[in-house]
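Following: one structure in structure tokens, then a few remarks.
Derivation of every value follows stated rules applied to the coordinates shown; laboratory data play no part. Bear in mind that the values here come from a model prediction, so they are computed numbers and not experimental data. Every residue, glycine among them, receives a Cβ derived from its backbone with ideal geometry; neighbour counts consider all protein chains shown.
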Amino acid sequence: MADTSINWSLEAVKIAAPFIAAYLTYVFAVRKMQRENPEVIQRKKYESILSANQHAWSLIAFMAETENEFSIVRWKKNGQEKVFYFHPENAKKFMENMRRIFYDEGHGLFFSRSVTDAVYTYRSLIYGLLMANGENNELIILENKEQAQRLFALAETMRKAIRETIELHQRKLDLDTF
């Protein structure tokens, strides 16, 4: 008669071995993920900040003192004096682009406080000019020269803040690659 006794210790090892292997794999995978995940998240954050500020840079075309096809405030020399003009059509385009960049594309989440403050202050000022001038889409003379200078100063503030943010986060990205 053949020996039909079961070696229970061998059977227990056969059953437990896959569970032990699965558990150890899980533990080592979680540890590896915990080490790598913050680095990946930081890198994505820096990349998002850089991308957001690159998109914000496109708004400066509307804000620039140097005249271009998007300029909201333009100026011409009248003798020794500068005469400033408000371009309502470009102001409306600025508002649309700002909404798209800040909200629709979600870049507003990654702007520094100084960029956000400059853009919203600028937006408030041109919105006030739009409301004061109604549906008029023609160039309007700005009687308040200080207001024009304030708009240009906000553009410069935003330009500096974007450059500082990009430089800072570009350095952090460069350091992360080593």
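For Met33 and Val13, FRET efficiency with R0 = 30 Å and r from the beta-carbon atoms, rounded to 0.05? Present the calculation step by step, with values, prior to reporting the outcome.
On the way: r = 30 Å, r/R0 = 0.99.
E between Val13 and Met33, to the nearest 0.05, is 0.50.
List, in the order given, every pair from Lys82/Lys160; Lys44/Lys92; Lys93/Lys145; Lys92/Lys160 whose Cα-Cα distance in the structure shown is over 29 Å.
Pairs exceeding the cut-off: Lys44/Lys92.
I need to check one value: relative contact order of region 33-108, counting alpha carbon pairs closer than 8 Å and at least 6 residues apart, in percent. All intermediate terms of the calculation are to be shown ahead of the outcome.
On the way: 59 pairs, mean separation 19.3, N = 76.
Relative contact order, region 33-108: 25 percent.
Just want to confirm a number: the relative contact order over region 42-176, from Cα pairs under 8 angstrom separated by 6+ residues, in percent. Write down the numbers at each step before the final one.
Values: 149 pairs, mean separation 47.7, N = 135.
Relative CO of region 42-176 lands at 35 percent.
Which value in nm describes the separation of the simple spin-label points at Ala21 and Glu67, placed 7 Å from the Cα toward the beta carbon?
Between Ala21 and Glu67, the simple spin-label model gives 7.8 nm.
Please get the size of the charge dipole for region 41-171, origin at its Cα centre, with Cβ charges of +1 on Lys and Arg and -1 on Asp and Glu, quoted in debye to the nearest 20. Provide the component values of the computation, followed by the final result.
Values: 19 positive and 17 negative charges, 97 e Å.
For region 41-171, the charge dipole is close to 460 debye.
What is the angle, in °, between the Cα long axis of helix 145-176 and the longest principal axis of the Cα atoms in the chain? Nearest 10 is fine, range 0 to 90.
Here the helix axis deviates by roughly 20 degrees.
Which of the peptides 116-127, 70-81 is most tightly packed, and how do the rest follow, judged by the mean count of other Cβ atoms within 10 Å per residue? Please report the intermediate quantities before stating the final value.
Working: 116-127: 18.2, 70-81: 14.1.
Result, highest mean Cβ count within 10 Å first: 116-127, 70-81.
Let's test the formula: R0 of 45 Å, r as the Cβ-Cβ distance of Arg100 and Asn144. What FRET efficiency results, to the nearest 0.05?
0.95
Would you kindly calculate the translational diffusion coefficient of the chain, applying Stokes-Einstein with the Kirkwood radius from alpha carbon pairs, for 20 °C and a viscosity of 1.002 mPa s, and quote it in µm² s⁻¹ without decimals? Spell out each step's value before the answer.
Details: Rh = 20.6 Å.
My calculation gives 104 µm²/s for D.
Quick one: helix 88-99 against the long Cα principal axis of the chain, what's the angle to the nearest 10°, folded into 0 to 90?
The angle comes out at about 10 degrees.
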